[in-house]
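No value in this document is a laboratory result; all are computed from the given coordinates. This structure is a prediction, so every number in the text was calculated from the model and none was measured. Positions of Cβ are backbone-derived with ideal geometry, glycine not excepted, and every protein chain shown enters the neighbour counts.
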């Protein structure tokens, strides 16, 4: 018969729970209380292509007062890389989010389920979103030295939706 020392077993179980609690706390992202640079402007604009299957999405534009090593934007449950825009008058970045709406997926629909093998499920997030944000808020990840840091952007202004024509405008020869 195995003799277990109850106080020792209790300590081991208690220690395990304490460690698991702190490991979960360490994995959450901490948001800086203040942005490291002044945010001059934050805007989002959804768009839809005018042709069937042309796609749709949302672009989020951020203008900063100073340069920053911006990396990614967390917005409305999605994550996208921030790309610098060429604008000599300001420091601007854009994050481009593409949606499945108005895209053509090559789905095989057949009475035999084996012939539908390879179809992908639409609308399932690939990652868990690490932040709880309102609809008009986002989080920017940026590099400070070798560390990744985060700050919140509030009051993102929603611009009018941009509707692209069905084809590019014709160019008249000169």
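Quick notes on this one:
- Estimated FRET transfer efficiency when R0 is 25 angstrom, pair residue 90-residue 132 (beta carbons, to 0.05): 0.25
- Exposure proxy ranking, count of Cβ atoms within 10 Å, fewest first, for 89, 98: 89, 98
- Footprinting exposure proxy for 63, 128 (fewest neighbouring C-beta atoms within 10 Å first): 128, 63
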